[in-house]
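Participant: Before I ask anything, here is the structure I am working with.
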């Protein structure tokens, strides 16, 4: 089974700072996303699974259309596998209701007039994200014991929680350590990949201009996110 | 008012490290040391929650979230 741990917004500097050995593995580094005008989650994961830059096509759909993008298996590199399992990946198997509610709560947070209201909404937002994270962890754990030849588990918690809490070091450390423990449960070779990292704006988090990768098998250098379709194909 | 106590589990490797550390402090036990550390962590976390949101930071991040497609 080839396994990809796709962790949205996993930040290279934090993986090092929190010494997440299972996320670092033997080889790790930054991905090159400089060809994209903005590090948009949907654009980056769409480009990843199609093996080519789809920024123009995806952004042409507008924001609403972009978040509703759904590619057919046959357009992605997953099609080369006999029994692939892809959990919650943006542009493919994204849990629409969950992620629509995240954006709704995000909007409510910024529309709120008082700090008390913002604090309350942020608590709801965080709880919503963590509840989903627990479900995804369980689904991923079950899938590791399944009869698949390719498994991709997409984890959104670092990105979603990070947007409103990246300046909260304790919370972010807890998330990174949790993802490190998830990686520890994978018994085969695996790749860790993020679409972009995160950088602080006060207590908040913005997308950074590089992603993270790691592998136990090969030093990939400074790969583009669109290179992974070929990299993973070569691992078959 | 008497304090009520509960029980938690900590890895034994960590307990050994704390036992060594406690010898060099005024704490009389691992439990006392761990209680102190946890009180500080909880206090820090509560202070984070009480923070005032910076308007300037909010405006910057809103602009970024619009550019990334999260906000209208």
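Participant: When the residues of the range A:45-63 are filtered to those that are closer than 23 Å to residue A:189 by Cβ and in contact with a helix residue (DSSP H, G or I) (Cβ under 7 Å, 6 or more places away or on another chain), which remaining residue is surrounded by the most Cβ atoms within 10 Å (Cβ to Cβ)? Please lay out each step first, then the result.
Facilitator: Start the filter on the range A:45-63 by keeping residues that are closer than 23 Å to residue A:189 by Cβ, which leaves A:45, A:48-49, A:51.
Within this subset, residues satisfying the condition of being in contact with a helix residue (DSSP H, G or I) (Cβ under 7 Å, 6 or more places away or on another chain) are A:48-49, A:51.
On the way: A:48: 30, A:49: 26, A:51: 20.
Among them, the one singled out is A:48.
Participant: If I ask for residues that are farther than 21 Å from residue B:57 by Cβ and without any contact (Cβ under 8 Å) to a residue 12 or more places away in the chain, which ones from the range A:156-177 would you list?
Facilitator: Listed by number, the list holds a single entry, A:174.
Participant: Does any residue of the range A:211-220 turn out to be farther than 18 Å from residue A:8 by Cα, touching a helix residue (DSSP H, G or I) at 6+ places or on another chain (Cβ under 8 Å) and within 14 Å of chain B (Cβ to nearest Cβ)?
Facilitator: Checked the range A:211-220: no residue is farther than 18 Å from residue A:8 by Cα, touching a helix residue (DSSP H, G or I) at 6+ places or on another chain (Cβ under 8 Å) and within 14 Å of chain B (Cβ to nearest Cβ).
Participant: Name every residue in the range B:9-27 that is in a loop (DSSP other than H, G, I, E, B) and at pLDDT 90 or above, in order of residue number.
Facilitator: B:9, B:10, B:11
Participant: Residue A:116: more than 14 Å from chain B (Cβ to nearest Cβ) and loosely packed, with under 13 Cβ neighbours inside 10 Å, yes or no?
Facilitator: It is false that residue A:116 is more than 14 Å from chain B (Cβ to nearest Cβ) and loosely packed, with under 13 Cβ neighbours inside 10 Å.
Participant: Now, a different point. Do we find a residue being within 22 Å of the chain's Cα centre (by Cα), in a helix (DSSP H, G or I), crowded, with 17+ Cβ neighbours inside 10 Å and modelled with pLDDT of 90 or more anywhere in the range B:32-49?
Facilitator: Step one: filter the range B:32-49 for residues within 22 Å of the chain's Cα centre (by Cα), giving B:32-49.
Of the ones still in play, those that are also in a helix (DSSP H, G or I) are B:32-49.
Of the ones still in play, those that are also crowded, with 17+ Cβ neighbours inside 10 Å are B:33-34.
Filter again for modelled with pLDDT of 90 or more, leaving B:33-34.
Within the range B:32-49 (the criterion being within 22 Å of the chain's Cα centre (by Cα), in a helix (DSSP H, G or I), crowded, with 17+ Cβ neighbours inside 10 Å and modelled with pLDDT of 90 or more), the answer is yes, since at least one residue qualifies.
Participant: Which members of the range A:18-60 meet the condition of being within 10 Å of chain B (Cβ to nearest Cβ) and closer than 22 Å to residue A:160 by Cβ? Working first, answer last.
Facilitator: Going residue by residue through the range A:18-60, those that are within 10 Å of chain B (Cβ to nearest Cβ) are A:37-43, A:58-59.
Scanning the range A:18-60 gives A:38, A:39, A:40, A:41, A:42, A:43, A:58, A:59.
Participant: Considering only the range B:1-27, state which residues are surrounded by fewer than 10 Cβ atoms within 10 Å (Cβ to Cβ) and under 17 Å from residue B:38 (Cβ atoms).
Facilitator: From the range B:1-27, those surrounded by fewer than 10 Cβ atoms within 10 Å (Cβ to Cβ) are B:1-9, B:11-13, B:20, B:23-24, B:26; that's our starting set.
Selection gives B:3, B:4, B:5, B:6, B:7, B:8, B:9, B:11.
Participant: If I go through the range A:180-199 residue by residue, how many of them are within 14 Å of chain B (Cβ to nearest Cβ), in contact with a strand residue (DSSP E or B) (Cβ under 8 Å, 6 or more places away or on another chain) and surrounded by fewer than 22 Cβ atoms within 10 Å (Cβ to Cβ)?
Facilitator: Qualifying residue count for the region: 1.
Participant: Hey, another quick one. Would the range A:94-106 turn up any residue that is free of Cβ contacts under 8 Å to residues at least 40 places away in the same chain, closer than 18 Å to residue B:66 by Cα and in a loop (DSSP other than H, G, I, E, B)?
Facilitator: no
Participant: Which numbered condition trips up residue A:25, out of (1) in contact with a strand residue (DSSP E or B) (Cβ under 7 Å, 6 or more places away or on another chain); (2) crowded, with 21+ Cβ neighbours inside 10 Å?
Facilitator: Tallying (1) in contact with a strand residue (DSSP E or B) (Cβ under 7 Å, 6 or more places away or on another chain); (2) crowded, with 21+ Cβ neighbours inside 10 Å, residue A:25 fails exactly one: (2).
The values are calculated or read from the model by the stated rules, or taken from the named source; none is laboratory data. In this text the structure is predicted, and so the values were computed from the model without any measurement. Counting neighbours? That spans all protein chains shown, and the Cβs are built from the backbone with ideal geometry, glycine included.
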